[in-house]
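Please treat every number below as a calculation from the coordinates, not as lab data. Because the structure is a prediction, the values reported are computed rather than measured. Please note: Cβ atoms are built from the backbone with ideal geometry, for glycine as well, and neighbour counts cover all protein chains shown.
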């Protein structure tokens, strides 16, 4: 690790793995979450460990949609809370969005631990009784009726495909951040952002700040073309693979 420059993406990956492993042992991140992160790292190599042009376009659109929303909610799971604690806090400061915790492997102990981590960074976490507002048989279907349940726009980094699909079917605008353009999450999202979460969130926040300096409230787009962003990511992966041995 000491042989890798501090500004190299590989160094960041090593630090991130260690952080996730530590929090998995502490019961904050699920063991399944480690597998998910490993899959994401593999796709990050394929996209070149950088924000693609189409990903940045999706992030700017996400900022516009988040500010145009009447009730935006940032849905946070264990991996997102650990990977992007400060980034969540910054986006909430700019947009005043609700932050709600939603877990597949849900226990009150895990939720309390995640709340503590987020609140230390200055995040205001919306808490309260949950109901099965989303038609799913597992705990991802549980959410606050006046939170995710009534949101018109939901940002869900590192999401699982079945909840994303269910939220879209409920008529919600769903913004996802996932490095896998082939995943059901990305393919069913309203706005799929194919980028690493700690690159994507600052880009969304920066665009929100820029929009707010104009003094104009953005209008909600009438339609969305998620396939455009998926195609951009797939094309970039194919291009990178074509020159992988150069």
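Helix content alone sets the calculated 222 nm mean residue ellipticity of the chain: runs of n ≥ 4 DSSP H residues at -39500 (n - 2.57) each, divided across all residues, give -16500 deg cm²/dmol. Inter-label distance, residue 223 to residue 240: 3.1 nm, where each label sits 7 Å from its Cα along the C-beta direction. Beta bridges from DSSP with both residues in region 53-242: antiparallel share about 10 percent, rounded to the nearest 5. In a fully extended conformation the segment linking residue 107 and residue 121 would gain 2.8 nm over its present Cα-Cα distance, using 0.36 nm per residue. Footprinting exposure proxy ranking of 126, 186, 70, fewest other C-beta atoms within 10 angstrom first, gives 70, 126, 186. One Cα centroid belongs to region 72-151, the other to region 178-246; the line between them spans 22 Å. For region 53-242, the relative contact order works out to 27 percent when only alpha carbon pairs closer than 8 Å and six or more residues apart are counted.
For residue 41 and residue 21, the difference between the fully extended length at 0.36 nm per residue and the C-alpha to C-alpha distance is 5.7 nm.
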